[in-house]
Every structure is written in structure tokens, then in C-alpha cells.
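To start, the structure itself, in C-alpha cells.
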């Protein structure tokens, strides 16, 4: 039986996950209308980076669901994990799409040259490509069809998050506070999983 808190959790998380989009669109409107220059000297770059950062944030939120569920005993959190993962993919896709549209102006022939000249773009593109199969299989039907292979495939979330952090570090020029903060969060999430794995292994050995 679904509790009242569980029934409203998904809509709340969905609406909250759209707030960055609403905020960005409002900033774009203020800039285009000339009311304010909130996007800075290079609005295109700001928009692209905004979407990329939220892609990473949603990936970390997705990874945080299981530890929070176990630590807090809030089992309903598992119901929003796939939604958060899909938002991570959505923001990553928007990040790449705005890069193509606003930076390259849809000059696809320049993409290869950009990748060769700026390897951090290759790292980010690799992360996006790895997200595609996860997004396509994030449904109950694929879980039933793939069975144990589904869980193996979705272990890609860990290297994807690492690629995203490397991508951010690589394109950062001066202030590394933000990528370091994301790295610390990721490291803590991985440490928690490692401790849980060691505990399970120890329990199996004792049994």
C-alpha cells in the first residue's frame, strides 16, 4: 500500500527538478529583453555550463538516494531514483544541445576538431553516450527483459559521474572550489558503498 507521503513524493521531486529550467529561462528572458545582464559577458557559455553543472548535480543526487534511504530508513526514496537519473540525462543532453546550438551554431563539422583540440569535450561526450543506454532502459519492461544484465548495465552510473567530474575539472580555469566539492561528495558516496560492500562480504564469510 502506498502511503500519502509516497504518493506526493514523485510529483514534488518532478516539480523541484524542473526549477533549474524555469530559473534559466527567466534569466534568458531578462537578458534577451535587456532588463538585466544576469547571464554575464558570455551568455551562451553561461547557459551551457549551467546545464552541465545540473547534469552532474542530478547524477550525484541519483547516487545519494540509496545511502539516504538506508541511513534515514525512508524506503520511499527509492521511488524517485530513476526519475532523478532521467533528469541527469535530460540536463546532460541539454548541455550538449546548447553547446551545439550556442557555441558551435550547429556547425557539426567543427565538432570533431573541437574534440581533438579540447579533450575535455571528448570526456563529456563519453559521459553522455554512456547515459543514453541507461535512459533507454530506465523502465520496468527493460528491467524484466534484461534481468541481471540490467543491474550490471546500470553500474555505469559510477564511471559516468567520474567522467563528469573530470570534464568539469578539465574545463575549469581558476576557481576549483566547485569541482572539488563535487569530488568530495562523490568520494563520500563511494566510501559509503564500499563500507556496505565490506560489511556484506564479512557477513557472508561468517555465515
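Just so you know, all these numbers are worked out from the coordinates, no wet-lab data involved. Bear in mind the structure is a predicted one, so any value in this text is a computation, not a measurement. Ideal geometry is used to build each Cβ from the backbone, glycine not excepted, and the neighbour counts take in all protein chains shown.
Data table
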| quantity | calculated |
| --- | --- |
| Potential lengthening between residue 42 and residue 169 on full extension [0.36 nm per residue; Cα-Cα distance subtracted] | 43.7 nm |
| FRET efficiency, residue 107 to residue 12 (Cβ-Cβ, R0 41 Å, nearest 0.05) | 0.50 |
| Within a Gaussian network of the chain (alpha carbon springs, distance under 10 Å), most fluctuating of 78, 135, 127 | 78 |
| Using alpha-carbon coordinates, inclination of helix 4-32 to the longest axis of the chain, degrees | 10 degrees |
| Per-pair calculated FRET efficiency, R0 = 30 Å: residue 49 and residue 150 via Cβ, rounded to 0.05 | 0.35 |
| Sum of -39500 (n - 2.57) over DSSP H runs of 4+, divided by residues of the chain (222 nm, nearest 500) | -26500 deg cm²/dmol |
| FRET efficiency for residue 117 and residue 193, using Cβ-Cβ distance with R0 set to 41 Å, rounded to 0.05 | 0.65 |
| The chain: angle of helix 119-136 to the longest principal axis, Cα-based, in degrees nearest 10 | 50 degrees |
| For the chain, built as a Gaussian network whose Cα springs stay under 10 Å, the top-fluctuating residue of 33, 183, 17 | 33 |
| Sorted by Cβ neighbour density within 10 Å, fewest at the top, the residues 94, 31 | 31, 94 |
| Tilt relative to the chain, helix 43-72 - C-alpha long axis, 0 to 90 degrees, to 10 | 10 degrees |
| Gain in span if fully extended, residue 71 to residue 25, counting 0.36 nm per residue against the direct Cα distance | 13.0 nm |
